Amino acid sequence: MTTTEPVKAGPAPDAGPVKARRPLGARIAARAGGGVMRVFLVLVALFWLMPTIGLLLSSLRGAEDIAATGWWKIFTAPSELTFENYQRLLDNSTITDSLYSTVLITVPSTLLVVVIGSLAGYAFAWMEFPGRDWWFLVVVGLLVVPVQVALIPVSELFGTIGIFETTFGVIMFHTAFGLPFAIFLLRNFFAEIPRELLEAARLDGAGEIRLFTRVVMPLGGPAIASLGIFQFLWVWNDMLVALIFADSESPPITVALQQQVRQFGNNIDVLAPGAFVSMVIPLAVFFAFQRQFVSGVMAGAVK
């Protein structure tokens, strides 16, 4: 008599890995990276540039045309384009002298902040001296001091030592208020440099000055360029400090344009090109160093 043993069911065949369904947010983000998002970003950029484009087109129109219609009329009447406004701008000694004064203030203020901030940042990052950490905390604390708080006491101090309403006084003010951020930024950047690299340079006989100029400065180029751009833009576009501390006989471009509005309310044929020129110069500086600027902003984000 034979018995039939029950057949055991084997394991089910492997159907392969089940593809997980991505969350809705991830799918939207993946699709947004395509052409639709690019078109959207281009539209946002054009909308952001609209005031600049309007200022440029207004600077190329006559005073009568500016008073009569908006700048967009130039697309239907291109014959309104003229460079006479820029010729008047060059003939206006107040504006041209103010551009020279602005350069005379901005360049030294930027160079002083970059040089002193680089030296101090290196000292706080790699040199040992008494109270180093406490002094750095003082620098960090100065970051939160607003400019407006110091206007009256600094004005009295500058008046006492005889540099109030002078170009030198404006440079000193911008340098003093630019240094805390410069030291904080460069110290943190220099501290990321590998210690082994500095020790190898010291073993080769490099002193602190040579170590700073030959090793630290080349490696810190992106951060220094970013700092220089920030400082240049801040000083060039400043009006509050210049309005209080600058010489009224040779004001920078921001104050000169404000005086044109106050004295000649209808002098738009000079104000429009003057404002555009004052805006083009810092834009040119930014685009000239944009690669270093991006490198400095991204420095330390990726190891």
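The values are calculated or read from the model by the stated rules, or taken from the named source; none is laboratory data. A quick note: this is a predicted structure, and the numbers were derived from the prediction, not measured. Here the Cβ is made from the backbone with ideal geometry for all residues, glycine too, and neighbour counts use every protein chain on show. Ligands, DNA and RNA are stripped out before the accessible areas are found, and what is left, the full protein with its side chains, is counted by its heavy atoms. Shrake-Rupley method; radii C 1.70, N 1.55, O 1.52, S 1.80 Å.
Could you list, ordered by first residue, the pairs with Cβ atoms under 7 Å in which the first is in region 283-297 and at pLDDT 75 or above and the second is of a type in the set (Lys, Arg), at least 6 apart or interchain?
As it stands, the answer is none, since no pair meets every condition given.
Quick one: which of Pro194, Pro218, Pro252, Pro273 is open to solvent by 60 Å² or more (accessible area, probe 1.4 Å) and either of a type in the set (Gly, Ala, Ser) or more than 18 Å from Val114 (Cβ to Cβ) (or both)?
Pro194
Search region 58-71 for residues being free of Cβ contacts under 8 Å to residues at least 12 places away in the same chain and assigned to a helix (DSSP H, G or I), and hand back the single one that is farthest from Val277 (Cα to Cα).
Ala68
When the residues of region 14-71 are filtered to those that are open to solvent by less than 50 Å² (accessible area, probe 1.4 Å), modelled with pLDDT of 75 or more and under 29 Å from the mean Cα position of the chain (by Cα), which remaining residue is nearest to Leu283 (Cα to Cα)?
My answer is Thr52.
Which of (1) of a type in the set (Gly, Ala, Ser); (2) in a helix (DSSP H, G or I); (3) modelled with pLDDT under 85; (4) loosely packed, with under 15 Cβ neighbours inside 10 Å is the odd one out, the single condition Gly205 does not satisfy?
Just one mismatch for Gly205, condition (2).
Keeping to region 234-282, report how many residues are touching a residue at least 24 places away in the same chain (Cβ under 8 Å) and part of a helix (DSSP H, G or I).
29
I want to confirm something. Restricting to region 72-82 and keeping residues that are open to solvent by less than 50 Å² (accessible area, probe 1.4 Å) and of a type in the set (A, V, I, L, M), which single residue is nearest to Val280 (Cα to Cα)?
Ile74
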